[in-house]
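Asks: Just passing along the structure, written as structure tokens.
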């Protein structure tokens, strides 16, 4: 499962960034080394509390942030061009007067 792999990679990243062994990270987080090992290998899924304790033990803080998708300008340009092409392909019949309920109809242009 992708989230299990992500959690395993996150925990391994925290541990290696802090320069700690699994045993030391586990000791600081109040977990057993076998549990940290299982988390890192993805055979066991940590809860939020365990992730927060592991992060704190590695000198980091667990936080949620909004996901920001990057926009590919090339793809956005192609999509915009497709939309404009489709809009131009639509039949167009101009109306002489746009009538909106409750608004007076403008006088006809003379000329």
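Laboratory data are not the source of any read-out in this text; all were calculated from the coordinates shown. If you're wondering where the values come from, they're calculated on a predicted model, not measured in any experiment. In this analysis, Cβ positions are derived from the backbone assuming ideal geometry, glycine residues included, and neighbour counts consider all displayed protein chains.
Asks: Could you list 11, 71, 54 so that the one with the fewest beta carbons within 10 Å of its beta carbon is first and the one with the most is last? Provide the component values of the computation, followed by the final result.
Replies: Working: 11 25, 71 8, 54 28.
Listed from fewest to most nearby Cβ atoms, that is 71, 11, 54.
Asks: Moving on to the next point. Under a plain spin-label model, where a point goes 7 Å from the Cα along Cα-to-Cβ, how far apart in nm are residue 62 and residue 35?
Replies: The answer from the label model is 1.2 nm.
Asks: Then there's this: For the stretch 2-57, what mean projected area does the convex hull of the alpha carbons give, in nm²? Please report the intermediate quantities before stating the final value.
Replies: Details: hull surface 12.2 nm².
The Cα convex hull of the stretch 2-57, projected and averaged over all directions, gives 3.1 nm².
Asks: When the chain is fully extended, how far beyond the present Cα-Cα distance does residue 71 get from residue 18, taking 0.36 nm per residue of separation? Don't skip to the answer; put the middle values down first.
Replies: Values: separation 53, 0.36 × 53 = 19.08 nm, distance 3.31 nm.
This chain segment gains 15.8 nm when fully extended.
Asks: Give me the percent relative contact order of the stretch 2-57, please, defined on Cα pairs under 8 angstrom at least 6 residues apart.
Replies: Details: 53 pairs, mean separation 24.2, N = 56.
Here the relative contact order equals 43 percent.
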